[in-house]
Amino acid sequence: MRLATIRMSTANGDTTTAARIDGDGTATAIKGYADVGALLHEPEWARIAAHAEGGRLDFTEHDLAPVIPRPGKIICVGLNYAKHIDEMGHDRPDVPTLFIKYPEALIGARDDAEIPEFNSATLDFEGELAVVVGKHARHVREADAERYIAGYTVINDYTQRHFQKRTQQWHQGKSLEKTAGFGPWLDTDWRPGPTLTTTVNGEVMQHAPTDDLVFSPAKLVEFISHLYPLAPGDVIATGTPDGVGHARDPRRYLADGDTVRVEIEGLGHIQNTTRVLPTS
């Protein structure tokens, strides 16, 4: 089952609704839930979604809002693919490297990434698999972690490398407003293994299987839930493969008009164009 947050225009203005994807460009609204995050707070969310009868929706990719517009937590994992660890010049970690992204960074599956000119240097792409938590998780064992995962989606951990590298804490380069494509939907049946591919203007930059992780989704749920509880709708971005622009020679940073597409086989894709906005 695939669940999305779809934008709609009504007589009372623009709004969103949680929806069950039924086919290409068609969905069923899940009445009473403004987005997938709100739906996941219902203990019976899967049954509610499966039996939704809120009316047919016809939509385009541009109508897809961030699948969860305002997660309570977006926990990102750095250095989780061995080849990416090597290309960035780090040792393989013994425990996950975590940092936080805020909801203001998220954009929809086909929205533009809007960057003020003063923040527009050394912009980089990081295609990633994202885990969405489906129920309250505290002190979860790895063997039980799958029961706490609602499903998977795609995210771009869009990064300003100069900001990231100027201190030992990465967050300031990782949470720029309106940059991180997130979607297109939550897939409750998909499982890690198929390939993630990131392209820039059609050129392949990243290509790796999504189960080639140092720390698996189950291990991440275990580790993080022993630090603090995870809530329904929380998101774990599992890390990026090798091939990022910062590690290339010459380096390949994003400029105005560059389009980044992140696709995971069987899961879907996001495609976002960088727009550098002039500032006075």
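Quick note: the coordinates plus some simple rules give every number you see, no bench work behind them. Keep in mind it's a predicted model, so treat the numbers as computed, not measured. Glycine gets a Cβ as well: all are built from the backbone with ideal geometry, and neighbour counts include every protein chain shown.
Below is a table of values for the structure above.
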read-out	value
Segment 44-197: C-alpha gyration tensor shape, a/c 1.5 cut-off, then a/b vs b/c	oblate
Set of lysines near K31 by C-alpha distance (under 22 Å), chain-local residues within fewer than 8 positions excluded	K135
Nearby lysines by direct alpha-carbon distance to K174 (threshold 20 angstrom, same-chain neighbours under 8 apart not counted)	K73, K101, K165
Rounded to whole Hz, the Karplus (6.51, -1.76, 1.60) HN-Hα couplings of segment 173-179, x for glycine and proline	x, 10, 9, 4, 4, 6, 10
Candidates I149, I85, I264, ranked by Gaussian network fluctuation over the chain, Cα under 10 Å, top entry	I85
Tensor-based shape of the chain (alpha-carbon gyration tensor, a/c under 1.5 rounded, otherwise prolate or oblate)	oblate
Low-density loop positions, GluC sites (Glu not before Pro), segment 1-98 - DSSP coil, at most 10 other Cβ in 10 Å	E44, E53
Set of aspartates and glutamates near K83 by C-alpha distance (under 18 Å), chain-local residues within fewer than 8 positions excluded	D91, D94, D124, E126, E128, D157, D211, D212, D242, D249
Under 5 Å, built H, 5+ apart or other chain: amide partners of G54	A29, K31
Residues T210, T97 arranged by fewest to most Cβ contacts within 10 Å	T97, T210
